[in-house]
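To keep things clear, I will list the structure first and then write my remarks on it.
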6 protein chains.
Amino acid sequence: MATVPAPENPESDPRVKAVFDDIRATRGSDFINNAWLYLAFDPQLLEEMWRDVKAVMATPSLIEPKIKEMIYAAVSIANACDYCTHSHLAAARAKGMTMAEQAELIRIVSTAGRTNHILNAIRPPVDKAFLA
Amino acid sequence: MATVPAPENPESDPRVKAVFDDIRATRGSDFINNAWLYLAFDPQLLEEMWRDVKAVMATPSLIEPKIKEMIYAAVSIANACDYCTHSHLAAARAKGMTMAEQAELIRIVSTAGRTNHILNAIRPPVDKAFLA
Amino acid sequence: MATVPAPENPESDPRVKAVFDDIRATRGSDFINNAWLYLAFDPQLLEEMWRDVKAVMATPSLIEPKIKEMIYAAVSIANACDYCTHSHLAAARAKGMTMAEQAELIRIVSTAGRTNHILNAIRPPVDKAFLA
Amino acid sequence: MATVPAPENPESDPRVKAVFDDIRATRGSDFINNAWLYLAFDPQLLEEMWRDVKAVMATPSLIEPKIKEMIYAAVSIANACDYCTHSHLAAARAKGMTMAEQAELIRIVSTAGRTNHILNAIRPPVDKAFLA
Amino acid sequence: MATVPAPENPESDPRVKAVFDDIRATRGSDFINNAWLYLAFDPQLLEEMWRDVKAVMATPSLIEPKIKEMIYAAVSIANACDYCTHSHLAAARAKGMTMAEQAELIRIVSTAGRTNHILNAIRPPVDKAFLA
Amino acid sequence: MATVPAPENPESDPRVKAVFDDIRATRGSDFINNAWLYLAFDPQLLEEMWRDVKAVMATPSLIEPKIKEMIYAAVSIANACDYCTHSHLAAARAKGMTMAEQAELIRIVSTAGRTNHILNAIRPPVDKAFLA
């Protein structure tokens, strides 16, 4: 249940159409997932979010695309974002993550969840050796 | 400022000594960082946390060690865990993460932080296509 | 799916009826939304929560009502509270927030989400100039 | 204690100097706070964060600047971001927020924090009436 | 809507069957709830999670079982984990928590939620007297 | 480093003095910890927070005081609230929590942290059997 209505004919707005066209071209797919569809209620927000996600996730960089989606999903799990967890785990699988790798990702994320809670409880001083 | 006192002579407890020895052997280093030192106030908690972290982080697996530390750091940043962020960024650097890769990690984590907040606000329905 | 059952005839309890009557009078509307209906399983919890929300949100103060609901919704988005996000965005719209203002709210909340994650990663020292 | 070193002579990099110059011009002040100084370890990250913050916070829009900083601070409090809470409360005060308004902001944020926890515990169904 | 498919015949895997048998024996019930069923997609993750939960929650210790489930539910509420909140409130009720005690639990959790937000906003120095 | 200044002579304000006197009488101690001292910058906020905390934590109820402080500390750890974690672990110890019980509390909190992250990743449907 969304907090904004899905636009009925979003691509009648040329700013929305331009973003959707770029999403399709960048991904090589006609599928526009609901995040972008609902964001079209505000073309500026849509443009900014796509610009950010494209720059970080769809542009060649030091970290390979599958790993980038796994890191993104890890943060989404920690932030309890339902849609984001679904969409970025799906994106990681689409880029080659196997179910065994997904299981390992969950092991890392949940072990971090455990030790984050332990160390937020213990609160030891940060070691000098860790300084950059 | 820790919520428990640092044990004065922790390795006088043989359970603590066994864990510390295994940490040193696993890492090939004599350095015991404060997380383990302060956890030694309770040998069982120390044993369990080291067992978990060793099994997930120090055992060969599908994901390479540097990437595992980067995912761990990403979750720690999202969970606002001060000690964990310092220690796992330092561990990732020790395993070869460059400052350029750290910067890219932060770009991914913070872009996820942005879109997590957008989608927690918009709450679009999860697309059928994302189901595993 | 709630973790408590909705009371079948909540206003048979005079404490519940008194709170519901005050909600209706304060809002000038007969509508009792589900948060209050389900909270009626425990009259004390209901009384305390309504007392708090009324004192902060339904009492004239320095910040205008629409802005108060927008701040409330912003916190609810950050805390990943589903019901709260829906109800306080709806309340803000009922008090005059336009869709353009809702879009701007989401831009602020999500930019904060991004920079919160960046600065939780970087952890610069707090500037002396920021002290109150 | 930062996770990255503060650059020693950050403005020797022309990309950093350009951002710092724009920060000074936009704010009408020579003061560069630590968030930007430490971010200068990676000019791209610095450029992106300043572009986002400037677009949302330093550009005339529907919501007045003081209120925007208060919403930003509210999210930072909810996300437990230390630096962000300090810097955006300070920015709100610099834009005219009084201590009485800061107290009211904290009342709203913390009442949201309370009811967010109550409703995450109760989990009532979202009312149809709240749909956009 | 899960991010992994529910295994069709999970107990055909002997590692899964061993865990499910131990869950049944430990609880004295044939019911296997969805958390364990879906986790069976990865037997190692299933084994580790059951080992942890059994060691902490189903083993006699200093804190009585009902209270342990209430603490677990409190953390789950704070972490906005939907499934966990449902399952641990149900477990606490199964161990004797009354609806009046559940209401008191929610009062404590939500008062903590409020003061956590207040003190994350105020950020007073930690008193020397609180040190362990 | 606080975001508000500590009032220099807070009890010159009769509303502050009344709250501080009630804190001293309720606790049977002259010690006013920093949370209350800094909150005195706004008497209304101070009155409301003390009213809430007193009603929930310092009033005889179904759950014993030591356990209430342990639940409060558990939520504070999950919310990454530094001051709150210190103060409520200290309060629990003052009410009789041993270091062995504190260690067990941390085991429960961190196991919940782990499984919360696992189930936020897996997202299994909530079992019908868990409904209240």
Next item on the list: Note the angle between two axes, namely the Cα long axis of helix C:99-122 and the longest principal axis of the Cα atoms of chain C, as a number of degrees from 0 to 90, rounded to the nearest 10.
Entry: 60 degrees
Notebook entry, point to check: Beyond 36 Å, what share of the Cα-Cα pairs of the protein assembly as shown remains, rounded to the nearest whole percent?
Noted result: 41 percent
Check: Based on the Cβ-Cβ distance from D:Asp30 to D:Lys95, what FRET efficiency comes out when R0 is 22 Å, to the nearest 0.05?
Finding: 0.75
Margin query: Just checking the output field for C:18-26: average partner chain Cβ neighbours within 10 Å of each residue's Cβ?
Written below: 0
Next item on the list: Given a cut-off of 30 Å, name the pairs among A:Lys54/D:Lys17; A:Lys66/B:Lys128; A:Lys54/C:Lys66; A:Lys17/A:Lys95; B:Lys95/E:Lys68 whose C-alpha atoms lie farther apart than that in the structure shown.
Entry: A:Lys54/C:Lys66; B:Lys95/E:Lys68
Margin query: Averaged over its residues, how many other protein chain Cβ atoms are within 10 Å of peptide D:5-13's Cβ atoms?
Written below: 1
Next item on the list: Can you check what the net charge comes to around C:Asp13, using other residues whose Cβ is under 13 Å from the Cβ of C:Asp13 (Lys, Arg +1; Asp, Glu -1)?
Entry: -3
Next item on the list: Report the charge-dipole magnitude of segment C:11-59 in Debye, nearest 20, computed about the Cα centre from +1 at each Lys and Arg Cβ and -1 at each Asp and Glu Cβ.
Entry: 160 debye
Next item on the list: Provide the FRET efficiency to the nearest 0.05 for the E:Met1-D:Asp13 pair, computing r from the beta carbons and using R0 = 51 Å.
Entry: 0.60
Notebook entry, point to check: Once you list every other residue whose beta carbon is under 13 Å from the beta carbon of B:His86, what net charge do they have if Lys and Arg are +1 and Asp and Glu are -1?
Noted result: +1
Notebook entry, point to check: Given just the C-alpha atoms of segment C:1-76, how large is their convex hull per residue in cubic angstrom?
Noted result: 107 Å³
Next item on the list: Given the peptides E:105-118, A:34-47, B:21-34, B:57-70, arrange them by the average over their residues of other C-beta atoms within 10 Å, most packed first.
Entry: E:105-118, A:34-47, B:57-70, B:21-34
Next item on the list: Report, largest value first, the span of the C-alpha coordinates of chain C along each principal axis, in whole Å.
Entry: 56, 31, 30
Notebook entry, point to check: Around D:Phe41, with a cut-off of 14 angstrom between Cβ atoms, what is the net charge of the other residues, counting Lys and Arg +1 and Asp and Glu -1?
Noted result: -4
Check: At 222 nm, what helix-only mean residue ellipticity would the protein assembly as shown give, in deg cm²/dmol to the nearest 500, using -39500 (n - 2.57) for each DSSP H run of four or more?
Finding: -21000 deg cm²/dmol
Item checked: Shielding by other protein chains, C:94-102, mean Cβ within 10 Å -> 3
Checklist line | Exam field: A:Leu131 pseudo-label spacings to other copies (7 Å along Cα-Cβ), nanometres | finding: 2.0, 2.0, 5.4, 5.7, 5.8
Next item on the list: Taking the dipole about the Cα centre of chain C, with the C-beta of Lys and Arg at +1 and of Asp and Glu at -1, give me whichever of C:Asn34, C:Leu119, C:Ile67 is farthest to the positive side.
Entry: C:Leu119
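Each reported figure results from applying straightforward, stated rules to the coordinates on display, with no laboratory input. Keep in mind the model is a prediction, meaning the values are calculated, not measured. So basically every Cβ, Gly included, is an ideal-geometry build from the backbone, and we count neighbours across all protein chains shown.
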